[in-house]
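Take a look at the structure below.
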Amino acid sequence: MSQIRNIVILTGAGISAESGIDTFRGGGGLWEQHRVEDVATPEAFARDPNLVHRFYDMRRAAIQERLPNAAHFALAELDAQWRGDLLIVTQNVDDLHERGGASRVLHMHGEHLKAWCTSCDIRSPWRGPLVNRPPCPVCQARTLRPDVVWFGEMPYQMERIYGALRQADLFVSIGTSGAVYPAAGFVQSARDLGMQTLELNLERSQGSHWFHETRLGPASEVVPAWVAEMLGG
Ligand code: BV8
């Protein structure tokens with residue numbers, strides 16, 4: 001890993017799998033017999049908001065029972081020790097990176113533990129259900145929705161992500177199948193920008209052919225080993 005100063009790390013559901021959080025393509029990818037891609041859309045929310053609220057209320061409650069694993073803790077250690085630029089861009093809507101101790105984290109697809117009011121446009125910390133239409137803590141309107149990016153919606157902070165990619169020497173992808181864009185396209189951008197690329201995943205992904213190197217294995221093993229290498233252990 002010759003002269004690496006600035007790093008961008010993309011994470012997906014695979015890094016939280018060993019914490020007991022279902023991946024998208026694991027667990028049959030269904031909710032109440034609906035393809036997840038069909039529930040996680042603004043159209044589904046308009047058509048059947050209770051179905052969508054139940055989906056997110058269940059997942060919001062579930063992640064609060066789960067704990068970070070060795071992969072989250074290892075990335076938090078790297079985040080604390082690394083002197084260069086480092087950005088963890090996660091597709092995950094759970095808070096396990098932060099509970100693992102990481103701070104340089106960007107949730108490009110939103111967060112379960114926030115509710116977004118479509119009347120006053122404020123995002124508020126939220127831990128309970130939304131299906132019962134609780135009032136917005138700011139404007140009292142009963143128009144709260146999950147603060148997640150649905151299919152067809154623009155991911156968050158895309159400019160900040162591309163800005164970090166332009167400054168980076170190394171792009172690392174952890175626990176993602178490379179099935180969802182624009183996240184799945186970051187490795188191509190990284191190659192176009194001439195940086196080193198590394199994939200850490202349980203199995204080869206749809207984007208593996210784009211990476212200089214792929215290391216296969218459970219995140220709780222391959223991530224701490226890679227971090228130890230980066231910190232010169
Ligand atoms: C958009 C939040 C306009 C909600 C999510 C180009 C081509 C084709 C289609 C498109 C395209 N561009 C856009 C699209 C449409 C669409 C898309 O990509 N569709 C797919 C299905 C084909 N994209 C969008 O709609 C995006 N918006 O494009 O807006 C735009 C225009 C211009 C510029 C920008 C934007 C919005 C997509 C975001 C949707 N919201 N999540 C919620 O969570 O409910 S996506 C959601 O699914 C996740 O956030 C994540 O992104 C994705 C799931 O993927 P993974 O995280 O990778 O999980 P998966 O289960 O698939 O894989 C797990 C991996 O882990 C596996 O490889 C497995 O081997 C590995 N693993 C398992 N266990 C372990 C492990 N690895 C290590 N250790 C283990 N123990």
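Values in this text are rule-based calculations from the coordinates and carry no lab data. All figures in this text were calculated on a predicted structure; none of them were measured in a lab. Don't worry about glycine lacking a Cβ; one is built from the backbone with ideal geometry, like all the others, and counts go over all protein chains shown.
The table below lists the values:
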read-out	value
Protection-proxy order for peptides 131-140, 218-227, 57-66, 9-18, each taking the mean of Cβ atoms within 10 Å per residue, highest first	9-18, 218-227, 57-66, 131-140
Note, ³J(HN,Hα) from phi for region 207-221, Karplus 6.51, -1.76, 1.60, rounded to Hz, x at Gly and Pro	x, 3, 5, 8, 8, 4, 9, 10, 10, 9, x, x, 3, 5, 9
Alpha-carbon radius of gyration plus Dmax, which is the widest Cα pair, for the chain in Å	17.9, 54
Beta bridges by DSSP in the chain, antiparallel share as percent, to the nearest 5	30
Filtered chymotrypsin sites (Phe, Trp or Tyr not before Pro), region 84-168: DSSP coil and at most 10 other beta carbons within 10 Å	none
Relative contact order [Cα under 8 Å, 6+ residues apart], the chain, whole percent	24
Region 166-222: chymotrypsin sites (Phe, Trp or Tyr not before Pro) falling in loop per DSSP and having at most 11 other Cβ within 10 Å	none
Computed [θ] at 222 nm, helices only, for the chain once each DSSP H run of length n ≥ 4 contributes -39500 (n - 2.57)	-8500 deg cm²/dmol
Long-range HN-HN contacts of Thr214 with modeled amide H, under 5 Å	Glu199
